[in-house]
1. Just how large is the dipole of the chain about the Cα centre, in debye to the nearest 20, putting +1 at every Lys and Arg Cβ and -1 at every Asp and Glu Cβ?
2. Got a number for carbon plus sulfur as a percent of region 65-124's accessible area, 1.4 Å probe?
3. Helix-only estimate, please: 222 nm mean residue ellipticity of the chain, summing -39500 (n - 2.57) across DSSP H runs of length 4 or more and dividing by its residues, to the nearest 500.
4. Just the ratio, please: alpha-carbon radius of gyration of region 69-124 over 2.2 N^0.38 Å, N its number of residues.
5. Charges on Cβ only, +1 for Lys and Arg, -1 for Asp and Glu, centred on the Cα centroid of the chain; of 40, 27, 14, which one is farthest towards the dipole's positive end?
6. When ligands, DNA and RNA are left out and all protein chains stay put, how many square angstrom of accessible area per residue does the chain have with a 1.4 Å probe?
7. Compute the acute angle (0 to 90°) between the alpha-carbon long axis of helix 15-28 and the principal axis of greatest extent of the alpha-carbon atoms of the chain; round to the nearest 10°.
8. Quick one: grab Rg to one decimal and Dmax as a whole number for the chain, Cα atoms only, in Å.
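The values are calculated or read from the model by the stated rules, or taken from the named source; none is laboratory data. The model shown is predicted, which means the values in this text are computed figures rather than measured ones. Backbone-built Cβ (ideal geometry, glycine too); neighbour counts: all protein chains shown. With ligands, DNA and RNA removed, areas are computed over all heavy atoms of the protein, side chains included. Shrake-Rupley method; radii C 1.70, N 1.55, O 1.52, S 1.80 Å.
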Amino acid sequence: MKIPGNILWLLLGGLIVSIEYVVLSLCLMITIIGIPFGIQTLKLGLLALWPFGSKVVDSGGSSGCLSILMNILWIVLGGLPICLTHLFFGILLCITLIGIPFGKQHFKMAGLALTPFGKQIVSA
């Protein structure tokens with residue numbers, strides 16, 4: 001299901017979402033302060049490109065308080081609307097049986113969009 005699901009995902013809007021995240025990431029990286037946020041947005045763009053077969057896990061690093069502080073800043077500066085958008089599309093897609101696998105991918109992206117610092121994407 002990984003490869004066919006990812007191909008359908010790309011054709012039905014995943015490529016557009018991924019491009020939007022990458023462009024936003026590049027815009028954020030123009031300033032030095034925006035670089036960490038741009039990296040996290042790039043992480044969302046990579047997950048939006050190929051979500052089936054990918055997992056979001058804690059990075060296990062010792063970033064601790066810095067990670068919490070950056071996640072709070074992320075939520076305040078725009079992470080919450082991104083998360084709510086993915087939740088909306090996840091619920092909308094889960095209305096039909098065919099849309100459930102795609103809705104689950106949006107839920108995965110919503111979790112990452114809410115608190116991306118201290119997490120990484122790995123192949124399952």
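1. Details: 6 positive and 2 negative charges, 47 e Å.
Here the chain has a charge dipole of around 220 debye.
2. Values: 2820 of 3470 Å².
Ligands and nucleic acids excluded, carbon and sulfur reach 81 percent.
3. Numbers: 6 runs with 77 residues, N = 124.
My calculation for the chain gives -19500 deg cm²/dmol from helical runs alone.
4. Numbers: Rg = 12.4 Å, N = 56, 2.2 N^0.38 = 10.2 Å.
Rounded to two decimals, the normalised Rg is 1.22.
5. 14
6. Working: 7310 Å² over 124 residues.
I get 59 Å² per residue for the chain.
7. So the helix axis and the longest Cα principal axis differ by about 10 degrees.
8. 14.3, 45
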